[in-house]
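Working notes, structure below.
FYI, it's all coordinate maths here, none of it is from the lab. Quick caveat, the model's predicted, so the values are computed rather than measured. Glycine also receives a Cβ, built like all others from the backbone with ideal geometry; neighbour counts cover every protein chain displayed.
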Amino acid sequence: MSHRTRDDLRVGGVVVLTGAGISAEAGLPTFRDAGGLWEGHRPEEVATPKAWAADPELVWRFYQARRARLGAVQPGPAHHSLVQLETRCQRAGLAFTLVTQNVDDLHQRAGSTVLAMHGQLRRLRCESCGNAVQDADSLEPNRFVPCAACGWHALRPDVVWFGEVPHGLDRIEQALLECGVFLSIGTSGAVYPAAGLLSVARAAGARTIVNSLESPENLHPADDFRPGLASEVVPALVDELTADLRLPR
Ligand code: OAD
């Protein structure tokens, strides 16, 4: 494995992709590790436009439970280390892009600038007029939130459901084409297009480093796999990259 330094990176930059594993230690269950059912449904079955049309009360209860949980959790060491990495890259004039598949707001609360490609639990959106609002307080499981702009009876969670297009794909692709280091943290590499970012970065010549508990589905022999808890692996990795890329502390 070649360990390139900043001097080797003609067009360098750091791109980080995170998944549910980075928030697991905070107390938010991942999708595929939990293997559990919610009210007899697989989480994936309630995360679709079809489910929302067929049984909005059920889908709303599912998301209200997840929205309520956010109030009880805090960002962990891995979230905080990525803020450090962002700051150090900025100081060095190196592009830094953090992309998350997570719909929690732990990166945002830690202080990162983040592209939330699957949307955010703490935003609600009107399917009738398109108005979107930040809302962390309406947490009643059985009460819809009406749209203040047009009066529509039920806002939906502003998250990307299966069959919908993730946010920011053009920006993400641009960052990948220019990246020298790509980190994949806490994702099983099972859901596309997010799972494809690793191979795009690899093909673009980036050094690819992967952390999760088990080997993700999209792992390639050329990737530098660092198994273990994100709370331990990511802070060490940020220190290592700080040295490798000669970033100011
Ligand atoms: P998954 O639940 O599929 O994968 C979680 C990954 O995190 C696994 O690879 C675990 O090994 C790893 N993991 C668990 N605990 C960890 C820890 N403490 N430290 C490091 N790694 C840990 O979650 P995602 O890959 O994020 O999409 O799921 C991708 C998408 O599937 C989600 O964004 C969601 C879901 O359906 C939508 O809702 C559109």
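So, of the residues in region 215-231 that are free of Cβ contacts under 8 Å to residues at least 24 places away in the same chain, part of a loop (DSSP other than H, G, I, E, B) and within 13 Å of the ligand (Cβ to nearest atom), which turns out to be surrounded by the most Cβ atoms within 10 Å (Cβ to Cβ)? Steps first, answer last, please.
Kept after step one, since they are free of Cβ contacts under 8 Å to residues at least 24 places away in the same chain, are these residues of region 215-231: 215, 220-221, 225-228.
Right, trim to part of a loop (DSSP other than H, G, I, E, B) and you get 215, 220-221, 226-228.
From what is left, the residues that are within 13 Å of the ligand (Cβ to nearest atom) are 215, 226-228.
On the way: Ser215: 13, Arg226: 18, Pro227: 11, Gly228: 12.
Per the stated criteria, the residue is Arg226.
If you take the residues of region 63-76 that are of a type outside the set (Lys, Arg) and crowded, with 18+ Cβ neighbours inside 10 Å, which of them is farthest from Arg125 (Cα to Cα)?
Looking only at region 63-76, we keep the residues that are of a type outside the set (Lys, Arg), and these are 63-65, 68, 70-76.
Checking which are crowded, with 18+ Cβ neighbours inside 10 Å leaves us with 63-64, 70, 75-76.
On the way: Tyr63: 13, Gln64: 14, Leu70: 18, Pro75: 25, Gly76: 28 Å.
Taking the candidates together, the pick is Gly76.
Of the residues Gly93, Gly76, Gly119, only one is closer than 30 Å to Gly12 by Cβ and either hydroxyl-bearing (Ser, Thr, Tyr) or in contact (Cβ under 8 Å) with a residue 60 or more places away in the chain (or both); which?
Values: Gly93 fails: either hydroxyl-bearing (Ser, Thr, Tyr) or in contact (Cβ under 8 Å) with a residue 60 or more places away in the chain (or both); Gly119 fails: either hydroxyl-bearing (Ser, Thr, Tyr) or in contact (Cβ under 8 Å) with a residue 60 or more places away in the chain (or both).
The unique qualifying residue is Gly76.
Checked against the criteria, Glu127 does not count as part of a loop (DSSP other than H, G, I, E, B), within 12 Å of the ligand (Cβ to nearest atom) and among the acidic types (Asp, Glu).
Residues in region 62-106 that are in a helix (DSSP H, G or I), closer than 26 Å to Ala47 by Cα and within 13 Å of the ligand (Cβ to nearest atom): how many? Walk me through it before giving the result.
Of all residues in region 62-106, those in a helix (DSSP H, G or I) come to 62-70, 77-92, 106.
Still in the list and also closer than 26 Å to Ala47 by Cα: 62-70, 79, 106.
Next, only the ones that are within 13 Å of the ligand (Cβ to nearest atom) stay: 62-63, 66, 79, 106.
Within region 62-106, residues that are in a helix (DSSP H, G or I), closer than 26 Å to Ala47 by Cα and within 13 Å of the ligand (Cβ to nearest atom) number 5.
What number of residues within region 196-214 satisfy the criterion of being part of a helix (DSSP H, G or I), surrounded by 13 or more Cβ atoms within 10 Å (Cβ to Cβ) and of a type in the set (Gly, Ala, Ser)?
3
Applying the selection to region 100-116, what residues are free of Cβ contacts under 8 Å to residues at least 24 places away in the same chain and acidic (Asp, Glu)? Selection gives nothing.
Of the residues making up region 87-127, those that are crowded, with 21+ Cβ neighbours inside 10 Å, farther than 20 Å from Gln174 by Cβ and of a type in the set (A, V, I, L, M, F, W, C) are Val103, Leu106, Leu121, Leu124, Cys126.
Could you list, in sequence order, all residues of region 191-214 that are under 22 Å from Asp244 (Cα atoms), charged (D, E, K, R) and within 15 Å of the ligand (Cβ to nearest atom)? None - no residue of region 191-214 is under 22 Å from Asp244 (Cα atoms), charged (D, E, K, R) and within 15 Å of the ligand (Cβ to nearest atom), so the list stays empty.
Assess whether Ser184 counts as being in contact with a helix residue (DSSP H, G or I) (Cβ under 7 Å, 6 or more places away or on another chain) and within 15 Å of the ligand (Cβ to nearest atom).
Working: in contact with a helix residue (DSSP H, G or I) (Cβ under 7 Å, 6 or more places away or on another chain): yes; within 15 Å of the ligand (Cβ to nearest atom): yes.
Yes: the conditions hold for Ser184.
Considering region 147-172, the residues that are loosely packed, with under 14 Cβ neighbours inside 10 Å and not hydrophobic (A, V, I, L, M, F, W, C) include one that is farthest from the ligand (Cβ to nearest atom), namely Gly151.
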